[in-house]
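Asker: After the structure tokens below, expect a handful of questions from me.
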Amino acid sequence: MTTNVIGKPLPRVDGRAKVTGAARYAADFNQGGQAHAVIVGATVGLGRVTGIETGPVEKMPGVVAVITHRNAPRLPYAPHKSYIDPATGERLHVLQDDHVRFYGQPVAIVVADTLDQAERAAAALRISYAAERPLVDPADPKAQPVVPEAGKQPDARLPADTARGSADSALADAPVKVDEIYEIARENHNPMEPHATVAAWNGNRLTLWSKSQFVVNEQAEIAAVFGLPPENVQVICPFIGGAFGTSLRTWPHVTLAAIAARQVGRPVKLVLTRKQMFFMTGHRPRTLQRMALGATADGKLTSIVHEGTGETSRYEEFMEALTSVTSFLYSTPNVRTRYRLLPLDIGTPNHMRGPGEASGVFALECAVDELSYKLGIDPIDLRRRNEPAIDEGENKPFSSRSLMKCHDLAAERFGWSRRVPEPRSMRDGRLLVGMGVASASYPAFHAPANARARLLPDGTAEVEVAASDMGPGTYTSMTQIAAETLGLPVERVRFSLGRSDYPPAPSHGGSWTMASVGSAIRAACLAVQQEAAKRPQDGRPIEATASAQRDPDVAARFSMHSFGAVFAEVAVDPDVGTIRLRRAMGAYGIGRVVNPRLARSQCIGGMIGGMGMALMERTVLDPRDGRPVNAHMADYLLPVNLDIPQLEAHFVEETDPHVNALGVKGLGEIALVGMAPAIANAVFHATGKRVRSLPIRIEDVL
Ligand code: MOS
């Protein structure tokens, strides 16, 4: 029997639980007798703690402990790094010394019977500092770029320098060129659900109900911090209220919750405030990029030079794939890329949806747009003239590439032919109207993953993986894959995730969950069927565990990426400079679509993220003390419903036999990638003003 549920637009299997409040998020896992912890963050950006007056606070109502570097346990902090942690540098050792490395760094934790008591006591804690002026502005001449220790990076996408041909001389000789600097502000993730951990010890066993996109890594990290065997730590996270990368790593608050629970001998609940989520849980690093394109008069690219710099902390080298797309998006004989890091007195940045690619492609796709105007060639036509036959960076064929198919589909539906090429030539009443386009790309990653499948005598099945669902609909899509493989209706399959004692899965990021976890589930379901065929049906459950990974030979032969095309239309008020996104459309080639309803929802969410990047999001640091001055939802601008217009996502038919047995390439990050350049290009088309610094502000177009 085949049910053919893959490809069906099923509603979320967990939808009812989410909208009725039955779904439990980390902070919902209250434990009997629990105390509440509040983190006190440094109010200087660099220096040392010289005094903490704990006495008066310890006597306040309900306070059970005030923990500082003076009385916190010395923790082993055994070496532990997964691919999610920077390969170079050492993670923050929390409450282990008197150093302040960035504004908001935890310097104390106050534990009380109630949250109110803990907040009140935390606010009353007097701390003195020997403060220095931090270096937080990348434009400060004292900020010196460093060459990342690329050799140590596990990720081959991130070499510091790459070159093919002679990009600089080809650029110098090019008849037509663009050579500009592009800047993107620091952004913070700001999911709805804040970071939260409930920690409970039972002897030397620790249970953490904790918001995490990577429960098995949180287990390993906390075990290393406390010097425990990993099996003594259990991490539970069945639901995530958005994350966008901020919960990939295990940040200091998880350790703090566990320290507090051990110190007071009770379970402890710790929830970060919105403000605290701007300090210590990662952010998209501010980037500065030089993008130079050389071309012939008929629009053939002869050279690309891409030099990018991203900020990092003083104690870790956070790297992202800022320059990686540049070598393969278009055909050209000469490419040079350079990637540098700028260590600052800030917390370590982290992956934020479309990490690296979103920032790098902004520079590339704006520059291609600028070139199209210089050449007088339609921007889509210009891209078509430079469509490569293979990945020229890796000298390999693409496993599949539907970039121009995406452009053609979206151009048709968007009505690109109505665009009048001349900037500032389209109007709607007194408003200036502009249309912009950009390409998008993101790698089709696939990591080894494991799954367990169980056939029960009542004809239902259970499937378990230590995966996560931060919103894309993992519960639903994985249920579909299991149901399809087992030949069962989806109602008879129960898929569970978010426990570190389930078969291990990779981090829920990098758009690889569908491919990686989906392939493992398929393998486990096939294995349990084989097991069932071998055994008499004796009324006992039948179980099988299996793992799956991409065939390394196939991986070596092909370049695997998703591609897309994004179109945007803006209206700009020429008198007051307000910019409104009127509509946007993306078309994506992502291999097989497991659930079109969820995929569409993913894309719209990503496009909204790209809209925020283009027009709103920017974390501003006070240069005197490194304080994020807009660390709250009133001043950190995000698109709200009133800002968000009609957004459409389409998928081109694409069969990729190479990526994995399911034929899925992954989706999520790519939807953010092309959006900001499409909007910036539309703003130029509307106004004739080329803005190369994001977010684009009113004053930029006046
Ligand atoms: Mo996504 S930045 O890989 O969570």
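Asker: Of the conditions (1) farther than 28 Å from ASN681 by Cα; (2) of a type outside the set (D, E, K, R); (3) under 21 Å from the mean Cα position of the chain (by Cα), ALA200 fails just one. Which one is it?
Answerer: Failing condition for ALA200: (3).
Asker: Scan segment 290-297 and give yes if some residue there is out of contact with any Pro (no Cβ under 9 Å at 6 or more places or on another chain) and over 22 Å from ALA143 (Cβ atoms), otherwise no.
Answerer: Looking through segment 290-297, at least one residue is out of contact with any Pro (no Cβ under 9 Å at 6 or more places or on another chain) and over 22 Å from ALA143 (Cβ atoms).
Asker: Take segment 631-656 and flag every residue that is more than 22 Å from PHE567 (Cβ to Cβ) and in contact (Cβ under 8 Å) with a residue 24 or more places away in the chain.
Answerer: Hits for segment 631-656 are ALA631, HIS632, MET633, TYR636, LEU637, LEU638, THR655, ASP656.
Asker: Could I ask something else about it? Does ALA451 satisfy the criteria of being part of a strand (DSSP E or B) and touching a residue at least 24 places away in the same chain (Cβ under 8 Å)?
Answerer: Spelling it out, ALA451 is indeed part of a strand (DSSP E or B) and touching a residue at least 24 places away in the same chain (Cβ under 8 Å).
Asker: A follow-up question, please. Mind listing whichever residues of segment 427-479 are more than 26 Å from the chain's Cα centre (by Cα) and under 28 Å from ALA523 (Cβ atoms)?
Answerer: ARG452, ALA453, ARG454, LEU455, LEU456, PRO457, ASP458, GLY459, THR460, ALA461, GLU462, VAL463
Asker: Search segment 515-554 for residues being of a type in the set (D, E, K, R) and within 32 Å of the chain's Cα centre (by Cα), and hand back the single one that is surrounded by the fewest Cβ atoms within 10 Å (Cβ to Cβ).
Answerer: ASP553
Asker: Sticking with this structure for a sec: So which of LEU270, LEU322, LEU342 ends up being crowded, with 24+ Cβ neighbours inside 10 Å and either over 16 Å from the mean Cα position of the chain (by Cα) or more than 16 Å from the ligand (Cβ to nearest atom) (or both)?
Answerer: LEU270
Asker: Could you identify the single residue in GLY626, GLY577, GLY591 that is more than 26 Å from the chain's Cα centre (by Cα) and on the phi > 0 side of the Ramachandran plot?
Answerer: Result of the check over GLY626, GLY577, GLY591: GLY577.
Asker: For segment 656-673, which positions are in contact with a Ser or Thr (Cβ under 7 Å, 6 or more places away or on another chain) and more than 16 Å from the ligand (Cβ to nearest atom)?
Answerer: Hits for segment 656-673 are ASP656, HIS658, VAL659, ASN660, ALA661, LEU662, GLY663.
Asker: Could you check, for segment 292-299, whether at least one of its residues is of a type in the set (Asp, Glu) and in a strand (DSSP E or B)?
Answerer: Scanning segment 292-299 turns up no residue that is of a type in the set (Asp, Glu) and in a strand (DSSP E or B).
Asker: Within segment 493-523, which residues are in contact with an Asp or Glu (Cβ under 6 Å, 6 or more places away or on another chain) and either within 13 Å of PRO472 (Cα to Cα) or within 14 Å of the ligand (Cβ to nearest atom) (or both)?
Answerer: Once the filter is applied, which keeps residues that are in contact with an Asp or Glu (Cβ under 6 Å, 6 or more places away or on another chain) and either within 13 Å of PRO472 (Cα to Cα) or within 14 Å of the ligand (Cβ to nearest atom) (or both), segment 493-523 yields only SER511.
Asker: Here is a further query. Of all residues in segment 491-505 being hydroxyl-bearing (Ser, Thr, Tyr) and assigned to a loop (DSSP other than H, G, I, E, B), which is surrounded by the fewest Cβ atoms within 10 Å (Cβ to Cβ)?
Answerer: Per the stated criteria, the residue is TYR502.
Asker: Take LEU642 and tell me if it is loosely packed, with under 15 Cβ neighbours inside 10 Å, away from the ligand (no atom under 16 Å from the Cβ) and part of a loop (DSSP other than H, G, I, E, B).
Answerer: Yes, satisfied.
Asker: Name the residues in segment 93-120 that are among the charged types (D, E, K, R) and not in a loop (DSSP other than H, G, I, E, B), would you?
Answerer: Across segment 93-120, the qualifying residues are ASP116, GLU119, ARG120.
Asker: In addition: Output the qualifying pairs, or none if there are none: Cβ atoms under 6 angstrom, residues six or more apart or on different chains, first residue in segment 221-245 and touching a residue at least 40 places away in the same chain (Cβ under 8 Å) and over 18 Å from TYR25 (Cβ atoms), second residue within 16 Å of the ligand (Cβ to nearest atom) and β-branched (Val, Ile, Thr).
Answerer: Listed pairs, sorted by first residue: GLU221/THR250.
Asker: Please work out which one of (1) within 28 Å of the chain's Cα centre (by Cα); (2) part of a loop (DSSP other than H, G, I, E, B) is the condition LYS142 fails and give its number.
Answerer: (1)
Asker: Count, please, the residues in segment 205-214 that happen to be closer than 15 Å to HIS253 by Cα, hydrophobic (A, V, I, L, M, F, W, C) and in contact (Cβ under 8 Å) with a residue 60 or more places away in the chain.
Answerer: 1
Asker: Can you spot a residue in segment 681-698 that is in a helix (DSSP H, G or I) and within 16 Å of the ligand (Cβ to nearest atom)?
Answerer: No: zero hits.
Asker: Given the conditions (1) assigned by TED's automatic domain parsing to the domain that holds THR687; (2) farther than 30 Å from LYS405 by Cα, which single one is not true for SER500?
Answerer: Single failed check for SER500: (1).
Asker: So, one more: Does GLU180 qualify as being in a helix (DSSP H, G or I) and either in contact with a helix residue (DSSP H, G or I) (Cβ under 7 Å, 6 or more places away or on another chain) or within 14 Å of the ligand (Cβ to nearest atom) (or both)?
Answerer: So GLU180 does not fit the description; no.
Asker: When you go through GLY310, GLY265, GLY282, GLY242 one by one, which is the residue that is within 16 Å of the ligand (Cβ to nearest atom) and surrounded by fewer than 20 Cβ atoms within 10 Å (Cβ to Cβ)?
Answerer: None of the others qualify; the one that does is GLY242.
Asker: Any residue in segment 480-493 that is closer than 30 Å to LYS81 by Cα and under 27 Å from the mean Cα position of the chain (by Cα)?
Answerer: For segment 480-493, residues closer than 30 Å to LYS81 by Cα and under 27 Å from the mean Cα position of the chain (by Cα): absent.
Asker: So which pairs qualify, if the first residue must be in segment 85-99 and closer than 15 Å to ALA42 by Cβ, the second must be among the hydrophobic types (A, V, I, L, M, F, W, C) and part of a strand (DSSP E or B), the Cβ gap must be under 7 Å, and the two must be at least 6 apart or on different chains?
Answerer: Pairs found: LEU95/ILE67; ASP98/VAL49.
Asker: Of the residues ALA172, ALA130, ALA123, ALA199, which is surrounded by fewer than 16 Cβ atoms within 10 Å (Cβ to Cβ) and not in a helix (DSSP H, G or I)?
Answerer: ALA130
The values are calculated or read from the model by the stated rules, or taken from the named source; none is laboratory data. What you are looking at is a predicted structure, and each value in this text was computed from that prediction instead of being measured. Here Cβ is always computed from backbone atoms with ideal geometry, including for glycine, and neighbour counts include all displayed protein chains.
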